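Scroll down for the structure; my scribbles are underneath it.
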Amino acid sequence: MPMFKSEGKVRELFRKYGKTALATHLTVYTVSFSGLYVAIENHFDPKSLLIKYGLLSDKEVKDDADPKERGWFSNLLTGPSSSLALAFLCNKALMPVRAPLTLGLTPMVARALQQRAATAAGAAASKGSSTSVSTTTATSQARSAQIKDRASSKGPQ
């Protein structure tokens, strides 16, 4: 039984679109993660948002508090790899946003790829057909020349 409503839809999407769905999902994930990391590195203050929504207490955030009292989460936010860890946590929290985005984008990406493949195949077919017509014409002319040569070489008997 799926944990979320969209989990069953995501499985169906991956069954139907396969590699296209996977590539779309990974692209959305990477763009989201990268954007969050850049925002955090440019001094976006996620602590105030976490405090506002009750996910972090004021007591844990104080810089003068003993690191043992602050807790593991606050230490993670203020440690040397805090930007990367925080971007990862925020990205995980945004899964309810990324899943519908993947569900909506994948069919559009698949259609665009199909149209692109059809255009490329059509261009190759038209190029190939003109080549095959000229090849057929050249072959016919060569056979006609061979027949004439044979006829003229035998001469009247």
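Got a sec? What order do Leu13, Leu94 fall in by accessible area at 1.4 Å, biggest, i.e. largest, first?
Numbers: Leu13 15, Leu94 65 Å².
The most accessible residue leads, giving Leu94, Leu13.
From the phi angles alone, apply the Karplus equation (6.51, -1.76, 1.60; θ = phi - 60°) to region 19-34 and give each ³J(HN,Hα) in whole Hz, x where the residue is Gly or Pro.
5, 5, 5, 5, 5, 5, 4, 5, 5, 4, 4, 5, 5, 5, 4, 5
If you stretched the chain out fully between Tyr53 and Val97, how much longer would it get, using 0.36 nm times the residue separation minus the C-alpha to C-alpha distance? It would help to have the intermediate numbers written out before the result.
Numbers: separation 44, 0.36 × 44 = 15.84 nm, distance 1.76 nm.
Fully extending the segment from Tyr53 to Val97 adds 14.1 nm.
How much accessible surface does Val109 have with a 1.4 Å probe, in Å² rounded to 10?
Roughly 50 Å² of Val109 is accessible to a 1.4 Å probe.
The values are calculated or read from the model by the stated rules, or taken from the named source; none is laboratory data. Remember, it's a predicted structure, so these values are computed and weren't measured experimentally. The area values use the complete protein model at the heavy-atom level, side chains included, leaving out ligands, DNA and RNA. Shrake-Rupley method; radii C 1.70, N 1.55, O 1.52, S 1.80 Å.
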